[in-house]
Structures are given as structure tokens and as C-alpha cells.
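What follows is a short report on a single structure.
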Amino acid sequence: MSLPEYVTRRNQYRYPRVGLGGSLERWEELSFPSTHLLDCHHNQLLLSDRDDQIVLGYLSTIFWGHYVGKGNLPNPRRAEARVRRSLYGESRKGCVQSKGVRPIAYQIRATFANITSDRYAEALELLCGLPQLWPTFASKVCAFLAPEKCGVVDRVTASKYPCFGFSVDGGGYVTGGLSNRANYARYCCFLQKQAETLNSHGQQFQWRDDDGVCYPWRAVDVERALYCNL
């Protein structure tokens, strides 16, 4: 894909800019005027020094990722149901039960330490131990924790770009095996390199957010360009 096409695709990326604010006892749905502010909100929560805010960031990521339902229509009730399963352990068969606020926060801090040390496979493995975080949603948390280093991998990525080598199950979902974790590490390095290449051309190839502001590239922006269909 050419550099101008990356810019065009990123500029066309659209996904509901929603998340959760408030507290674990009384959360509320928030909307944001740009993806940049959405990312900042989740990043600040997930990197907080307060356990409850870290867990709220984890729940907000789950809410955001489940916000769009069948037919690409907003379904906030579905998203909130997933949040409650994560927090209270109302789990479908095969999902990990809720671990409590402090253990979840500890695991997310350990994940960020792995990402900081470029151990992306280990970061993904750690997060997959939390309720509702199979590989795709674990990668969403990674992307909000460190958008300059990580991106999301999902069924779209796996099917559109077999060059990344992600294996999927019968439903098309990315599986959590050792090979996929290693592929995720290589994928993050690819995203970072592409972002570096785009940024080397200066403002000419910056992407434009929904509020009209232009920004330099991060790994997550390259992933969003790959995700977008023109």
C-alpha cells in the first residue's frame, strides 16, 4: 500500500467514539469528538496510579469494542452487558470469572511493563487471562495502553492480510496460541516501522482526525488504516 493510500484510509476510519467515565460503582457512557481524545481517555485510565481507574479503563475498552452490534448498528445495552460480565463474573461458558479490582489492575500494570520492554507476545498472554479478553480484545487494551507501539488484531486483519500469519478458529476469530502471540509481536513491529516511515515525510503525510486536526502516525493509526475499507 502506498503512503498516500495509508493517509486516505486512516482519514476514512470510522468507529463510534465512545467509552465509560465515572466510577466502578456508577459508570456513564461518554462520547468524544475525535479518536485522539478517545485514545487519550483510555490511555489515562489504564495508566492511572489508582486501581479502580485502571479497571474502569479495562471496562471502557470492553464497552467500546462491543458497542457496535449486528448490522453495524450501535448497541450500548449489549456493550454494557459485556462490562457487567467482566466486573461481576456473569460469564458465558469458557470465560474467566472476575478476579477483583486489585488483581486486574496488577495484571494490566504488568502488561504495560512488558510492552515497554517490547515483549508484545507476553503482554498479549497476560491480558488473555482476564475476563472477556481473548486475543482481539486483549490487543485493544494493548493499543490503548501504548498506541505508539501496538495495534488491534481481529478477524478483519487476519482475513485481509494473511501475510501476518494469524490463525483463526471456525468462527473466524483470532486464536490465542503461541504462534499467534509471536505473530502479534511481529505485527506490532511492522506497525511501528510503517508509522516511522510515514512520519519521516513530515506534515505532508499526517492523518486528519474527525475534528479536523492533523496528527503524526502511531502504530495504532497504521492498524486503523489497514482496517479501513475504501
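Miscellaneous remarks
- Filter result for Val220 (among the β-branched types (Val, Ile, Thr), outside any loop (DSSP other than H, G, I, E, B) and either at pLDDT below 95 or within 24 Å of Ser48 (Cβ to Cβ) (or both)): yes
- Matching residues, segment 144-164, being at pLDDT 95 or above and small (Gly, Ala, Ser): Ala146, Gly151
- The single condition from (1) modelled with pLDDT of 90 or more; (2) more than 18 Å from Trp134 (Cα to Cα); (3) surrounded by fewer than 20 Cβ atoms within 10 Å (Cβ to Cβ) that Thr35 fails is (3).
- Scan of segment 158-174 for residues that are out of contact with any helix residue (DSSP H, G or I) (no Cβ under 7 Å at 6 or more places or on another chain) and either in a loop (DSSP other than H, G, I, E, B) or more than 18 Å from Leu133 (Cα to Cα) (or both), ordered by number: Ser159, Lys160, Pro162, Cys163, Asp169, Gly170, Gly171
- Residues (part of a helix (DSSP H, G or I) and under 13 Å from the mean Cα position of the chain (by Cα)) located in segment 42-68: His42, Asn43, Leu46, Gly57, Tyr58, Leu59, Ser60, Thr61, Ile62, Phe63, Trp64, Gly65
- Condition check for Arg181: among the charged types (D, E, K, R), in contact with a helix residue (DSSP H, G or I) (Cβ under 6 Å, 6 or more places away or on another chain) and in contact (Cβ under 8 Å) with a residue 12 or more places away in the chain: yes
- The one condition in (1) surrounded by 20 or more Cβ atoms within 10 Å (Cβ to Cβ); (2) on the phi > 0 side of the Ramachandran plot that Asn180 fails to fulfil: (2)
- Some residue of segment 138-149 being without any contact (Cβ under 8 Å) to a residue 60 or more places away in the chain, assigned to a helix (DSSP H, G or I), within 24 Å of Val18 (Cα to Cα) and aliphatic (A, V, I, L, M): yes
- Residue count, segment 196-216 (criterion: free of Cβ contacts under 8 Å to residues at least 12 places away in the same chain, assigned to a loop (DSSP other than H, G, I, E, B) and under 18 Å from Ser2 (Cβ atoms)): 1
- When the criteria are applied in full, Gly71 meets the requirement of being over 23 Å from Leu145 (Cβ atoms) and part of a helix (DSSP H, G or I).
- Looking only at segment 101-136, residues that are closer than 16 Å to Cys188 by Cβ, out of contact with any Asp or Glu (no Cβ under 9 Å at 6 or more places or on another chain), touching a residue at least 40 places away in the same chain (Cβ under 8 Å) and buried (at least 20 other Cβ atoms within 10 Å of the Cβ) come to 2 in all.
- Test for Pro16: is it within 30 Å of Leu191 (Cα to Cα) and in a loop (DSSP other than H, G, I, E, B): yes
- Yes/no for Leu87 being hydrophobic (A, V, I, L, M, F, W, C), part of a helix (DSSP H, G or I), crowded, with 16+ Cβ neighbours inside 10 Å and without any contact (Cβ under 8 Å) to a residue 40 or more places away in the chain: no
The values are calculated or read from the model by the stated rules, or taken from the named source; none is laboratory data. No experiment lies behind these values; they were computed from the predicted model shown. Quick reminder, even Gly has a Cβ in these numbers, built from the backbone with ideal geometry, and neighbours come from all protein chains shown.
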